[in-house]
1. Just one of MET1, MET78 is out of contact with any Cys (no Cβ under 7 Å at 6 or more places or on another chain), in contact (Cβ under 8 Å) with a residue 24 or more places away in the chain and within 19 Å of LEU103 (Cα to Cα); which is it?
2. Looking at ASP43, is it assigned to a helix (DSSP H, G or I), surrounded by fewer than 19 Cβ atoms within 10 Å (Cβ to Cβ) and within 12 Å of the chain's Cα centre (by Cα)?
3. Just a yes or no: is a residue in the stretch 76-95 more than 18 Å from GLY17 (Cα to Cα), more than 12 Å from the chain's Cα centre (by Cα) and outside any loop (DSSP other than H, G, I, E, B)?
4. Considering only residues that are assigned to a loop (DSSP other than H, G, I, E, B), small (Gly, Ala, Ser) and free of Cβ contacts under 8 Å to residues at least 40 places away in the same chain, which ones fall in the stretch 18-35?
5. Residues of the stretch 4-17 being part of a loop (DSSP other than H, G, I, E, B) and touching a residue at least 60 places away in the same chain (Cβ under 8 Å), which ones?
6. On the given criteria, is THR67 surrounded by 20 or more Cβ atoms within 10 Å (Cβ to Cβ), more than 22 Å from THR105 (Cβ to Cβ) and of a type outside the set (Lys, Arg)?
7. Could you run through the stretch 1-28 and say how many residues are surrounded by fewer than 15 Cβ atoms within 10 Å (Cβ to Cβ), farther than 12 Å from VAL55 by Cβ and among the aliphatic types (A, V, I, L, M)?
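Bear in mind that the values in this text are calculations on the coordinates, not laboratory data. All values derive from a computational prediction rather than experimental measurement. Cβ: placed from backbone, ideal geometry, glycine included. Neighbour counts: every protein chain shown.
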Amino acid sequence: MAEIPTLTDATFDEEIGASDAPVLVDFWAEWCGPCKMVSPILDEIADDHEGKLRVAKLNIDDNPAVTRRFGVMSIPTMIVFKDGEEAARLIGAKGKGQLLQELSTFI
């Protein structure tokens, strides 16, 4: 099972910058119902594509600096970072098929 790290304002740049593989960061919050629907799908994608794509989570309520820096206005928002830079942004709850289609260039 792939490890899904929890990122913080303090660890974000180091975790994203140190990754050889693209990293999908799930911007979420405890009170967000759609986020809870997407979470198990992201767990599956992390397991299915271990080594090709990393998945990490960032709680927007606990980490306002990173949330503001990337202009995350609605959640769930998933941003793919490649070589430390934003490469794709997916907004809203989506099913596994749609997520895989939108992530196909990274996996």
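1. Answer to the selection: MET78.
2. Yes, satisfied.
3. Looking through the stretch 76-95, none of the residues is more than 18 Å from GLY17 (Cα to Cα), more than 12 Å from the chain's Cα centre (by Cα) and outside any loop (DSSP other than H, G, I, E, B).
4. Once the filter is applied, which keeps residues that are assigned to a loop (DSSP other than H, G, I, E, B), small (Gly, Ala, Ser) and free of Cβ contacts under 8 Å to residues at least 40 places away in the same chain, the stretch 18-35 yields ALA18, ALA21.
5. Of the residues in the stretch 4-17, the ones part of a loop (DSSP other than H, G, I, E, B) are 4-5, 8-11.
Within the stretch 4-17, no residue meets the criteria.
6. Criteria met by THR67.
7. So the answer is 2.
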